[in-house]
Amino acid sequence: MESSTPRIGVFFCDCGQTIKGLIDYDKLRDLAQNEKDVVHVDKVDFLCSSSSRESVTEAIRENGLDRIVVAACSPRAYLLEFQDVAERAGINRFMVEQSNLRDQVAWIHSLDEESATSKAMDQLAMSIARARKMRPSRFGPGAAVNEEMCSGCGVCATTCKAGVIDFKPIDGGHRVARVDRSECKACGACVAACPSGALNLEGFTNEEVIAEVDEFTEGLLDSKEPSPAILVFACHWCSYPAADLAGLKRMQMDARFRMIRTPCSARVDPEWVLRAMSRGVDGVLILGGSEGNCHYQGGNVRTRNRMLLLNKVLEQLGFDTSRLAVEWIDADEPYRFRAVIEDFVTKIAELGPSPMRAPAEEEKMTSALYHGRDELTHTAYR
Ligand code: SF4
Ligand code: SF4
């Protein structure tokens, strides 16, 4: 069942009570119940068990849910199973968002319930914001061209390592890009590279990520707290599993960062970074696999080059360039993950809040950055 107003179900998992006492579930439940469009909230002990998955199927049907947020372990472990649950319940399998509150929140901040709960609430709210923007997909993840916006420049085709983009002629000799969805690897590199914003990645759209960024940055411009506010983008194949591994090892680290998983670091659109910066984020960290290890054959190199360019833009706008960093972390490097996080959080904390955040009156008078914040959109880069 699809409806114009989202009907979101949020399902918490206590994972055999391994999260119990590490984050405050009552606060999470309250948050979920008060979120717009959330019409059903439930908590079970082992969400991954077949009986619990059956109960989720029934809850989707009984409550007319058209999308679900699973607040549990890593999507790398169980997202496919929950997509099967959605399909069995009669909704599109890509209407499932999984919020990783176990491995990447409860278990890596288990000595500090307050910080872990605060982070879990942010990550859950971000997931719900993302879920609101999800759209059913017929073909699953892959690049889609908006022909009306495509200039035919060819940047996407030169970016795509899979060689699945060609062109078709349209009126007046003009050409537009065409993606072979059956062979598209859904890395999203072409989407971030398109200078016209003519591409999007089904299953991982700009709208979904921007909803997460906007949720996290809500209110940051008006206050210097919490500080530092740090956003991390981590690629699904390399850095994100390193973070999961850190959780499995119960490695403890600073909780002052929030994470968005991306298919590849090359999917990180400069627009997302500018948007986060313009809305008061103090630092953005982009994580991908090391050179030679990128699942998508060099997506990481494209990321580094693109962000070097973006950093020049940020510098001209008045930001300290160390507020944006790109680091390589492979899947088997949980210790490096912790070291990179700790180093970045410390560095950004020392820099202090972004100049965008709650400037003093005299700073408002002189800060071109402050006055130009509304124009800080992708047009500053593209
Ligand atoms: S990069 Fe964008 S504008 Fe250029 S051909 Fe590809 S889809 Fe069209
Ligand atoms: S998403 Fe990746 S594989 Fe698919 S067309 Fe774009 S660059 Fe090529």
Hits in segment 30-53 (condition: surrounded by 17 or more Cβ atoms within 10 Å (Cβ to Cβ) and closer than 18 Å to D122 by Cβ): L31, A32, E35, V38, V41
Residue within segment 100-114 that is of a type outside the set (S, T, Y), under 17 Å from I8 (Cβ atoms) and either outside any helix (DSSP H, G or I) or modelled with pLDDT of 95 or more (or both) present: yes
Sole exception among (1) crowded, with 19+ Cβ neighbours inside 10 Å; (2) out of contact with any Gly (no Cβ under 9 Å at 6 or more places or on another chain); (3) at pLDDT below 95; (4) part of a loop (DSSP other than H, G, I, E, B) for K185, by number: (2)
Selection count, segment 302-321, where residues are out of contact with any strand residue (DSSP E or B) (no Cβ under 9 Å at 6 or more places or on another chain) and within 16 Å of V281 (Cβ to Cβ): 6
Condition met for A177 (within 14 Å of ligand 1 (Cβ to nearest atom), at pLDDT below 95 and either of a type in the set (A, V, I, L, M, F, W, C) or assigned by TED's automatic domain parsing to the domain that holds C264 (or both)): no
V69, sole failed condition from (1) crowded, with 21+ Cβ neighbours inside 10 Å; (2) assigned to a loop (DSSP other than H, G, I, E, B): (2)
Residues within segment 155-165 that are at pLDDT 95 or above and touching a Lys or Arg at 6+ places or on another chain (Cβ under 9 Å), tallied: 2
Residue satisfying condition, being aliphatic (A, V, I, L, M), outside the structural domain of V345 (by TED's automatic domain parsing) and farther than 17 Å from M126 by Cβ, within set A266, A189: A189
For E212: the one exception among (1) part of a helix (DSSP H, G or I); (2) surrounded by fewer than 21 Cβ atoms within 10 Å (Cβ to Cβ); (3) more than 16 Å from ligand 2 (Cβ to nearest atom): (2)
Segment 138-152: number of residues that are within 10 Å of ligand 2 (Cβ to nearest atom) and free of Cβ contacts under 8 Å to residues at least 60 places away in the same chain: 3
Among (1) free of Cβ contacts under 8 Å to residues at least 12 places away in the same chain; (2) buried (at least 24 other Cβ atoms within 10 Å of the Cβ), the one test that L287 misses: (1)
Residue within segment 146-159 that is more than 10 Å from ligand 1 (Cβ to nearest atom), surrounded by 15 or more Cβ atoms within 10 Å (Cβ to Cβ) and not assigned by TED's automatic domain parsing to the domain that holds F94 present: no
Of all residues making up segment 191-202, the number that are touching a residue at least 60 places away in the same chain (Cβ under 8 Å), within 10 Å of ligand 2 (Cβ to nearest atom) and not in a strand (DSSP E or B): 3
Selection from segment 180-193 of residues that are within 14 Å of ligand 1 (Cβ to nearest atom) and under 23 Å from E271 (Cβ atoms): C184, G188, A189, C190, V191, A192, A193
So D222, is it more than 23 Å from C150 (Cβ to Cβ), modelled with pLDDT under 95 and not basic (K, R): yes
Some residue of segment 120-138 being within 30 Å of R178 (Cα to Cα), at pLDDT 95 or above, part of a strand (DSSP E or B) and not assigned by TED's automatic domain parsing to the domain that holds K185: no
Test: residue in segment 264-274 that is within 29 Å of T18 (Cα to Cα) and either in a helix (DSSP H, G or I) or touching a strand residue (DSSP E or B) at 6+ places or on another chain (Cβ under 8 Å) (or both): no
Unmet criterion (only one of (1) in contact with a Leu (Cβ under 9 Å, 6 or more places away or on another chain); (2) farther than 26 Å from A143 by Cβ) for S239: (2)
Close pairs from segment 153-167: first over 11 Å from R302 (Cβ atoms), partner near ligand 2 (Cβ under 7 Å from one of its atoms) and of a type outside the set (A, V, I, L, M, F, W, C), Cβ under 6 Å, at least 6 apart: A162/K185
Near pairs, Cβ below 6 angstrom, 6+ apart or cross-chain, from segment 346-374 (exposed (fewer than 14 other Cβ atoms within 10 Å of the Cβ)) to any residue that is modelled with pLDDT under 90: K364/Y370
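The values are calculated or read from the model by the stated rules, or taken from the named source; none is laboratory data. Since this is a predicted model, take the numbers as computed values, not measurements. Glycine also receives a Cβ, built like all others from the backbone with ideal geometry; neighbour counts cover every protein chain displayed.
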